[in-house]
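The values are calculated or read from the model by the stated rules, or taken from the named source; none is laboratory data. Since the model is a prediction, treat every value here as computed from it, not as a measurement. Because the Cβ atoms are built from the backbone with ideal geometry, glycine has one as well, and the counts that use them run over all protein chains shown. All accessible areas refer to the heavy atoms of the entire protein, side chains included, with ligands and DNA or RNA removed. Shrake-Rupley method; radii C 1.70, N 1.55, O 1.52, S 1.80 Å.
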Amino acid sequence: MMYFAVISIFPEMFAAIRQFGITGRAIDQQQVVLDTINPRDFTTDNYHRVDERPFGGGPGMVMMAEPLALAIEQAKVKAKAQGCRLEPQYCPVVYLSPQGRVLEETVVLEMADYDGMILLCGRYEGIDERLLAQYVDIEISLGDYVLSGGELPAMVLMDSVIRRLPGVMGDDQSAVQDSFVDGLLDCPHYTKPKLFCDMPVPEVLLSGHHGNIAKWRFVQQARRTIARRPDLWQAFVPSKQQVKWLQSEGIETTR
Ligand code: 9D3
């Protein structure tokens, strides 16, 4: 079982991964436990404020340290009760933030080995730096575009990690390696009908010749990766079989 505690002022958003698809099933089957903790529940003022104006002035609001600190402390109690070792190498506090390390599959695979994670979602302009200094172990970004808060990034992170947990994907799916795992973009896919908008299914896919199909799919992957993601192609190390296929199609293999 992997444990997630999400700290967010919008816990209802997490219905999106609780109720649907692979993540929903993993939670139903208790391969994953997902708790949400609302820092608003740890405020003591009449208005239940979690944000305040920034010292030094300027636009926007900043999330206050105290309610978040109490939320993280409760998350650690819950994580421990679920069997997590609390040291950061087993159950880190992860802050979703534009300043973080960009999430990629290598990071996801590292995270799939944790006992659990405490995911901290910011809103407004950000979080008081002292809370971050005291509590945060890892900072993760989805990339260089502006979102409204950390909730969607937290769900993206959980989705990507949950898919990597043993027993979550069917036997069927776990054999099928995704693009990125082998370092190339995916090949095109086709299903019924055999003709759509005058476009036929490539004949090789109807031939039943599994060797030719495997070669065709790999060559499609190679062409797409060369055209769309030269950075991935640069890093790709083909097998002997793949080198043969590439050479037979006149695709350059020397680096
Ligand atoms: C427009 C405001 N920005 C400059 C003054 C700072 C800013 C603050 C808070 C920008 C974004 C956010 C909210 N974003 C996230 O919490 C976030 C995020 C993102 O925006 N992009 C990519 N990954 C992530 S992870 C968390």
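The one condition from (1) outside any helix (DSSP H, G or I); (2) without any contact (Cβ under 8 Å) to a residue 12 or more places away in the chain that ALA227 does not meet is (1). Within region 43-60, can one find any residue that is of a type outside the set (A, V, I, L, M), out of contact with any Cys (no Cβ under 7 Å at 6 or more places or on another chain) and assigned to a helix (DSSP H, G or I)? Taking every residue of region 43-60 in turn, none turns out to be of a type outside the set (A, V, I, L, M), out of contact with any Cys (no Cβ under 7 Å at 6 or more places or on another chain) and assigned to a helix (DSSP H, G or I). Looking only at residues that are over 30 Å from ILE162 (Cβ atoms) and open to solvent by less than 30 Å² (accessible area, probe 1.4 Å) in region 19-53, which one is nearest to the ligand (Cβ to nearest atom)? For region 19-53, the residue satisfying everything is ASP51.
What residue, among those in region 125-152 that are farther than 20 Å from GLU104 by Cα and within 7 Å of the ligand (Cβ to nearest atom), is surrounded by the most Cβ atoms within 10 Å (Cβ to Cβ)? Restricting to residues being farther than 20 Å from GLU104 by Cα and within 7 Å of the ligand (Cβ to nearest atom), the top hit is GLY126. Under the condition of being over 24 Å from the mean Cα position of the chain (by Cα) and part of a helix (DSSP H, G or I), the residues counted in region 235-255 number 9. Of all residues in region 184-207, those being farther than 26 Å from VAL237 by Cα and open to solvent by 50 Å² or more (accessible area, probe 1.4 Å) number 14.
For residues that are part of a helix (DSSP H, G or I) and in contact with a helix residue (DSSP H, G or I) (Cβ under 7 Å, 6 or more places away or on another chain), scanning just region 69-111, find the one that is most open to solvent (accessible area, probe 1.4 Å). Step through it out loud before you land on a result.
Restricting attention to region 69-111, the residues satisfying the condition of being part of a helix (DSSP H, G or I) are 69-81, 105-111.
Of the ones still in play, those that are also in contact with a helix residue (DSSP H, G or I) (Cβ under 7 Å, 6 or more places away or on another chain) are 69-72, 108, 111.
Values: ALA69: 16, LEU70: 72, ALA71: 0, ILE72: 0, VAL108: 3, MET111: 4 Å².
My answer is LEU70.
Would you check if there is a residue in region 157-175 being more than 24 Å from MET111 (Cα to Cα), β-branched (Val, Ile, Thr), open to solvent by less than 60 Å² (accessible area, probe 1.4 Å) and assigned to a helix (DSSP H, G or I)? Break it down into steps so the answer makes sense when it comes.
Narrowing region 157-175 to residues more than 24 Å from MET111 (Cα to Cα): none.
Scanning region 157-175 turns up no residue that is more than 24 Å from MET111 (Cα to Cα), β-branched (Val, Ile, Thr), open to solvent by less than 60 Å² (accessible area, probe 1.4 Å) and assigned to a helix (DSSP H, G or I).
Based on what the data block shows, is MET64 surrounded by 17 or more Cβ atoms within 10 Å (Cβ to Cβ) and more than 22 Å from the chain's Cα centre (by Cα)? Judged against the criteria, MET64 is a match.
Going through ASP231, ASP198 one at a time, which residue ends up being within 30 Å of SER97 (Cα to Cα), charged (D, E, K, R) and out of contact with any Gly (no Cβ under 6 Å at 6 or more places or on another chain)?
Working: ASP198 fails: within 30 Å of SER97 (Cα to Cα).
Being within 30 Å of SER97 (Cα to Cα), charged (D, E, K, R) and out of contact with any Gly (no Cβ under 6 Å at 6 or more places or on another chain) holds for just one of ASP231, ASP198, which is ASP231.
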